[in-house]
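First up is the structure itself, then whatever we jot down about it.
Every number here is computed from the coordinates shown, using simple stated rules; none is lab data. What you see is a predicted model; the values in this text were computed from it and never measured. Every residue, glycine as well, gets a Cβ built from its backbone with ideal geometry; the counts of neighbours run over all protein chains shown.
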Ligand SMILES: [Zn+2]
């Protein structure tokens, strides 16, 4: 994780970056024709191809992120109490960036009683309870 954000947000960020890079390269390629005329066309073609690959890559990332988000766990963040999505066993909250885990063995702050959800019936709320993982 490079940007200290949740995995879904990071996928979106990479998708956006690749789209911008692709568009930038295609604009640069077109500028080559204006600057160097005939000889700039080869330059333009190369940049167009790289730009297209970058744009296709971003589409792939968006598609992949969409597929992943269908398997994401939706839960309420124990830190900021907002609804967030988690990918895998460990992910960051989309809003407060707290590292959350579904694995009790990894959790360092389990609250006063990790087996109870506080309503006293001991059955849980039926929701996956995420626990803050303090690094
Ligand atoms: Zn949060």
Distance in nm between residue 63 and residue 49 label points, each 7 Å along Cα→Cβ, equals 2.2 nm
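Report the FRET efficiency, 1/(1 + (r/R0)^6), for residue 97 and residue 23, where r is their Cβ-Cβ distance and R0 is 30 Å, rounded to 0.05. Let's see the in-between values first.
Working: r = 29 Å, r/R0 = 0.97.
Here the calculated transfer efficiency is 0.55.
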For the pair residue 56 and residue 80, the simple spin-label estimate (label points 7 Å beyond Cα toward Cβ) gives in nm 3.7 nm
Yeah, region 1-69 with a ≥ b ≥ c from its alpha-carbon gyration tensor (a/c under 1.5 is rounded, else prolate when a/b outruns b/c, oblate otherwise) is prolate
In nm, the gap between the two label points placed 7 Å beyond Cα toward Cβ at residue 109 and residue 39 is 6.3 nm
